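K.L.:
Can you keep this structure in mind? I'll have questions shortly.
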Amino acid sequence: DHDNEGIVILSGENIQDTDTKFECDITDIAPTLLHLHNLPILHDMDGTVLTNILTKKYMAQNEITVEENQMDIGENGDRSRENRDKIEDQLEDLGYL
């Protein structure tokens, strides 16, 4: 059995110092960490940056950037053969294929 609620503990100079309880979804963790590392968030990534827990100073100095996925998608939505081969090679190197 799994519980729908969990605990998120954050600390650091860019995190607001507060004891206030806040709600988030597990999918918000990845975009928030990417933003804290000044990395772009993919436009189709689930979740959002937890701006309510970041300091106002940090948010003023660091714009949230969103970009398209790195894979070339054809007009009909199919990935190019070259990209499929690249992904297959990576999966094979990782032992999945």
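The values are calculated or read from the model by the stated rules, or taken from the named source; none is laboratory data. Since we're looking at a predicted model, the values are computed, not measured. Methodologically, a virtual Cβ is constructed for each residue, glycine included, from the backbone with ideal geometry; neighbour enumeration extends over all protein chains shown. The area values use the complete protein model at the heavy-atom level, side chains included, leaving out ligands, DNA and RNA. Shrake-Rupley method; radii C 1.70, N 1.55, O 1.52, S 1.80 Å.
K.L.:
Tell me what the chain gives for mean residue ellipticity at 222 nm when only DSSP H runs of n ≥ 4 count, each as -39,500 (n - 2.57), the sum divided by the residue total, rounded to 500 deg cm²/dmol.
P.N.:
It comes out at -8000 deg cm²/dmol, rounded to the nearest 500.
K.L.:
Quote to one decimal, in nm, the extra length available between residue 29 and residue 52 on full extension: 0.36 nm per residue of separation minus the C-alpha distance between them.
P.N.:
Net length gain for the segment: 7.0 nm.
K.L.:
If you don't mind, there's one more thing I want to ask. For residue 57, which aspartates and glutamates qualify as cross-link partners when the Cα separation must be under 17 Å and same-chain residues fewer than eight apart are set aside?
P.N.:
Here the aspartates and glutamates satisfying the reach criterion relative to residue 57 are 13, 17.
K.L.:
In Å², and per residue, what accessible area does the chain have when probed at 1.4 Å with the other protein chains present?
P.N.:
86 Å²
K.L.:
Under unit Cβ charges (Lys, Arg +1; Asp, Glu -1), what dipole magnitude, rounded to 20 debye, does the chain have relative to its Cα centre?
P.N.:
Dipole magnitude for the chain comes out near 460 debye.
K.L.:
The list (1) 55; (2) 65; (3) 45 gives values of percent of Cα pairs over 17 Å apart, and only one came from this structure; which label was calculated from it?
P.N.:
Computed from the coordinates, percent of Cα pairs over 17 Å apart corresponds to (2).
K.L.:
On to the next question. Residue 60 versus residue 84, label points 7 Å from Cα toward the beta carbon: distance in nm?
P.N.:
Each label point lies 7 Å from its Cα, and together they span 5.1 nm.
K.L.:
Computing the accessible area with a 1.4 Å probe over protein heavy atoms, can you report the carbon and sulfur percentage for the chain? Spell out each step's value before the answer.
P.N.:
Working: 3900 of 8390 Å².
Result for the chain: 46 percent of the exposed heavy-atom area is carbon or sulfur.
K.L.:
Amide H of residue 48: which non-local residues (sequence gap of 5 or more, or other chain) have their own amide H closer than 5 Å, using H built in the peptide plane?
P.N.:
Long-range HN contacts for residue 48: 28.
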